[in-house]
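A short worksheet on the structure shown next.
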């Protein structure tokens with residue numbers, strides 16, 4: 001069993017990348033508990049496993065005393081007899097004369113080790129070793145996976161669609177599986193089993209068997225990460241994403257800009273003949289995208305955000321509210337189907353936008 005134990009541990013260390021000391025320390029601790037339980041030992045026990053041969057030895061820690069101390073009997077304030085426990089466990093005490101049989105120069109207060117390995121300890125050790133190795137292997141693998149995914153929240157990953165039930169798709173992300181709820185996919189898209197799919201990690205929590213990874217293709221962060229993934233200028237920092245407002249399956253507005261005046265931020269995202277934006281549109285299942293040029297000037301930013309509407313006049317009421325005057329030719333474009341355009345523009349600019357007809361307000365004398 002001894003050589004088999006060493007070989008088994010060496011194999012696990014090599015294949016799983018787990019610390020050898022981590023396994024041996026856990027095994028020695030478990031064997032100490034098993035010894036105390038099975039051999040009714042109350043003394044301090046230490047297990048030593050030879051890392052080379054696998055030989056297992058049990059040692060009892062004993063403190064050298066001049067007389068056994070079972071505690072001190074005294075009387076409390078109410079006159080009741082009480083016993084003050086000894087400083088040293090009575091079962092871990094050894095008299096000086098007996099201690100010298102194990103250590104010739106032993107003296108009072110010394111701590112000596114006495115081997116107490118039972119002759120039939122091998123069977124118990126083998127059984128315990130199997131249990132401990134399995135347990136520690138699971139724990140170590142779980143920690144490795146937790147560590148790998150700990151910093152992946154709000155990131156984009158590519159996985160394979162592995163399983164499906166009534167409410168979720170289960171995406172194989174390599175060492176772990178993520179949960180993609182069916183109400184978090186893009187409306188109208190079809191997810192095929194076995195296909196590779198891009199997913200956005202919304203939340204990671206540590207579960208009993210490893211990380212619980214929640215995924216989405218519906219959140220605005222998914223669109224933001226797609227742009228960062230597909231556009232080299234965004235990866236390099238030459239083009240920056242200010243924000244994203246999204247109604248999944250309908251339309252997204254992406255505010256971008258560059259601090260370098262020589263870079264056309266919108267052109268960089270579109271690419272030659274639309275080559276760059278085409279890949280993002282395909283991933284979004286035909287969802288429309290409005291590229292909005294961000295401006296530090298709120299009036300200018302709001303005008304850009306209300307595209308495709310043109311000739312918008314913006315009046316800032318306060319830092320949360322703005323009134324937008326639009327001629328009748330552009331009024332429907334500014335509002336959008338079911339108010340979607342103005343709603344997204346409001347999310348993007350962080351202003352509550354009120355749309356008014358330029359002609360009507362002029363007739364009323366408000367302009």
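Bear in mind these aren't lab numbers, they're just calculated from the coordinates by the rules spelled out. Owing to the predicted nature of the structure, the values given are computational and were not obtained by experimental measurement. As a convention, Cβ positions derive from the backbone with ideal geometry for all residues, glycine included, and neighbour counts pool all protein chains shown.
What per residue convex hull volume, in Å³, comes out for segment 235-274 when only alpha-carbon positions are used? Before the final figure, lay out the partial values.
On the way: hull volume 3.4 nm³, N = 40.
Residue-normalised Cα hull volume stands at 84 Å³.
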What ranking of 193, 160, 62 emerges when the number of other C-beta atoms within 10 Å of each C-beta is taken as an exposure proxy, fewest first? 193, 160, 62
Of all DSSP beta bridges in the chain, what percent run antiparallel (nearest 5)? 75 percent
Rule-of-thumb Rg ratio for segment 296-367 [Cα; 2.2 N^0.38 Å; N residues]: 1.00
Pseudo-spin-label distance residue 352 to residue 288, built 7 Å along Cα→Cβ, given in nm, is 2.6 nm
I'd like the orientation of helix 2-16 relative to the chain: the angle between its Cα long axis and the longest Cα principal axis, in ° from 0 to 90, rounded to 10. 10 degrees
Assertion target for 216, 19, ordered by fewest C-beta neighbours within 10 angstrom first, is 19, 216
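What number does the chain give for Rg over Rh if you use C-alpha atoms and the Kirkwood radius?
Values: Rg = 35.7 Å, Rh = 27.5 Å.
Computed over Cα atoms, the ratio is 1.30.
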Relative contact order [Cα under 8 Å, 6+ residues apart], the chain, whole percent: 9 percent
Suppose a student asked you for the relative contact order of segment 296-367, using Cα pairs under 8 Å spaced at least 6 residues apart; what percent would you report? 31 percent
Could you give the nm distance between label points at residue 126 and residue 192, where each point is 7 Å from its Cα heading toward the beta carbon? 5.3 nm
Hydrodynamic radius by Kirkwood for segment 219-294, inverse mean 1/r across distinct Cα pairs, in Å, is 12.2 Å
Segment 157-233 versus segment 317-367: alpha-carbon centroid distance in Å: 36 Å
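Between residue 240 and residue 11, what's the calculated FRET efficiency when r is the beta-carbon distance and R0 is 51 Å? Round to 0.05.
On the way: r = 50 Å, r/R0 = 0.98.
E between residue 240 and residue 11, to the nearest 0.05, is 0.55.
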Taking 0.36 nm per residue of sequence separation and subtracting the Cα-Cα distance, how much length would be gained by fully extending the chain between residue 317 and residue 363, in nm to one decimal? 14.4 nm
I'd like the orientation of helix 220-230 relative to the chain: the angle between its Cα long axis and the longest Cα principal axis, in ° from 0 to 90, rounded to 10. 90 degrees
Compute the FRET efficiency between residue 151 and residue 327 as 1/(1 + (r/R0)^6), taking r as their Cβ-Cβ distance and R0 = 41 Å, and round to the nearest 0.05. 0.25
Exposure proxy check on 209, 347: fewest-to-most Cβ neighbours within 10 Å is 209, 347
MRE, 222 nm, helices only [DSSP H, n ≥ 4, -39500 (n - 2.57), over the chain, to nearest 500]: -10500 deg cm²/dmol
Specify the angular offset, from 0 to 90 degrees and rounded to the nearest 10, of the alpha carbon long axis of helix 340-349 from the longest principal axis of the alpha carbons in the chain. 60 degrees
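What is the diffusion coefficient of segment 129-217 in µm²/s, taking the Kirkwood radius over Cα pairs and the Stokes-Einstein relation at 10 °C with a viscosity of 1.306 mPa s?
115 µm²/s
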